[in-house]
Amino acid sequence: MRRTLRTTAIAVAATTAMLVPATASAAAGPPIGVWTGKITFPAMQVDGKLSFHLNGSLCFLTKPEDGVEGKGHWRLTGLTSFDLKGRERFFDSSGTTTGSLTFDLDAKYQGLAGFTSAGTATYYDAQGTEQDTVPISAQFQRRSVVPAPCPS
């Protein structure tokens, strides 16, 4: 009897050890927190800093002097994937809108602390007239599991 209990305990421990890493990497959960990375457009690459919130909103963490602000929303699409959509507004030093873009990306986790994404961005001029749609991609790393307040 003692031998059977010991054999069972060893089998349970071995099974648990094999399942825990697979479960942790397969179910990354929501992307809540602050992420930094690179967004690649056909003609350039830019740095990005995003804050994802539990209510499904996201925002770019920028300063007014950056000349850009952005916000949008995200939703889980699977155990290791989510999508994000939103709008960025570009403005000059007086605050006047100089253009904007919308983005629509499908993201996949890379481990527990990163994601890659691909999709499209559509550019608009200052009057809101569509100018061009281009492919974009991004790579981000999680810097904090706590979201940062969005700029007002």
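The values are calculated or read from the model by the stated rules, or taken from the named source; none is laboratory data. This is a predicted model, so every value here is computed, not measured. Every residue, glycine as well, gets a Cβ built from its backbone with ideal geometry; the counts of neighbours run over all protein chains shown. In case anyone asks, the SASA skips ligands and DNA or RNA and just uses the protein heavy atoms, side chains included. Shrake-Rupley method; radii C 1.70, N 1.55, O 1.52, S 1.80 Å.
Quick notes on this one:
- Restricted to strands (runs of 3 or more DSSP E) entirely inside the stretch 80-148, those with at least 1 residues that are open to solvent by 80 Å² or more (accessible area, probe 1.4 Å) are 81-91, 97-109, 130-144.
- Filter pass, Arg75 being closer than 12 Å to Ala121 by Cβ, open to solvent by 30 Å² or more (accessible area, probe 1.4 Å) and either modelled with pLDDT under 95 or in contact with a strand residue (DSSP E or B) (Cβ under 7 Å, 6 or more places away or on another chain) (or both): no
- On inspection, Gly119 qualifies as out of contact with any helix residue (DSSP H, G or I) (no Cβ under 9 Å at 6 or more places or on another chain) and small (Gly, Ala, Ser).
- For Ser93, the conditions (1) under 10 Å from the mean Cα position of the chain (by Cα); (2) at pLDDT below 95 are fulfilled apart from (1).
- A single member of Glu69, Glu130 is without any contact (Cβ under 8 Å) to a residue 12 or more places away in the chain and of a type in the set (Asp, Glu), and it is Glu130.
- Among the residues making up the stretch 29-58, those that are touching a His at 6+ places or on another chain (Cβ under 8 Å) and either on the phi < 0 side of the Ramachandran plot or of a type in the set (Val, Ile, Thr) (or both) are Ile32, Ser57, Leu58.
- Criterion: modelled with pLDDT under 95 and at positive phi - qualifying residue of Gly99, Gly128, Gly111: Gly111
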